[in-house]
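Only one structure is covered here, and it is reproduced in the block below.
The values are calculated or read from the model by the stated rules, or taken from the named source; none is laboratory data. Just so you know, these numbers come straight off a predicted model, no measurement behind them. Note: ideal-geometry Cβ built from the backbone for every residue, glycine included; neighbour counts use all protein chains shown. Each accessible area value is taken on the protein alone, full model and side chains, heavy atoms only, with ligands, DNA and RNA left out. Shrake-Rupley method; radii C 1.70, N 1.55, O 1.52, S 1.80 Å.
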Amino acid sequence: MVISLEGILCYALFNLCLFYQKLFIQQAQIRLFQYKKVRLALLIYGILATVFGLMFILYWGWKVSWTEAAILYIFAFVITKFWGLVEHKIGLSRFAFAHAFISVFALIAFALLLLTFIP
C-alpha cells in the first residue's frame, strides 16, 4: 500500500469533520433561517468539502490504485459510523455546536494535510 496509516487517519478525520458540519447544518436549519447568508456560506462550504473528499478518492484511485481508494473510503466510513455510536453512548451530542465550530477549521487543516499524501 502506498498510503500510510497517517494518511488513512487524516482522511477519516476529514470525513468525521465533514459529518459534523453537515449535521450542524441540518440541525441549525430552523435557527439559521433568519441568517440566510450564514446558512448559504455553510452550505457552500459543506458542498466544497464534500467535492474535495470525493475528488481525493477519485484521484487516488486513478493515480495509485482503485483498491486502495476503496479501502480508504470504507475505512473512513466505518470510523465515522463507529464514532457516531460512541458519541451517542457517551452523550457527546450535547456538544454538537462545538464539534461543528471546530470542524469548520479542522476541515481546512485536514484537507491541506491530505494534499501532502498525494504521490
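Quick notes on this structure:
- Subset of the range 94-119 [over 22 Å from Y45 (Cα atoms) and either within 12 Å of the chain's Cα centre (by Cα) or not basic (K, R) (or both)]: F117, I118, P119
- Hey, L107 part of a helix (DSSP H, G or I), open to solvent by 40 Å² or more (accessible area, probe 1.4 Å) and modelled with pLDDT of 85 or more or not: no
- Test: residue in the range 55-68 that is at pLDDT 85 or above, among the acidic types (D, E) and exposed (fewer than 13 other Cβ atoms within 10 Å of the Cβ): no
- Out of A49, A28, A76, sole residue that is at pLDDT below 90 and open to solvent by less than 20 Å² (accessible area, probe 1.4 Å): A28
- Failed item in (1) loosely packed, with under 12 Cβ neighbours inside 10 Å; (2) of a type in the set (A, V, I, L, M); (3) modelled with pLDDT of 90 or more, with L40 passing the rest: (3)
- Being modelled with pLDDT of 90 or more, at negative phi and either surrounded by fewer than 18 Cβ atoms within 10 Å (Cβ to Cβ) or in contact with a strand residue (DSSP E or B) (Cβ under 7 Å, 6 or more places away or on another chain) (or both) is a property that does not hold for W83.
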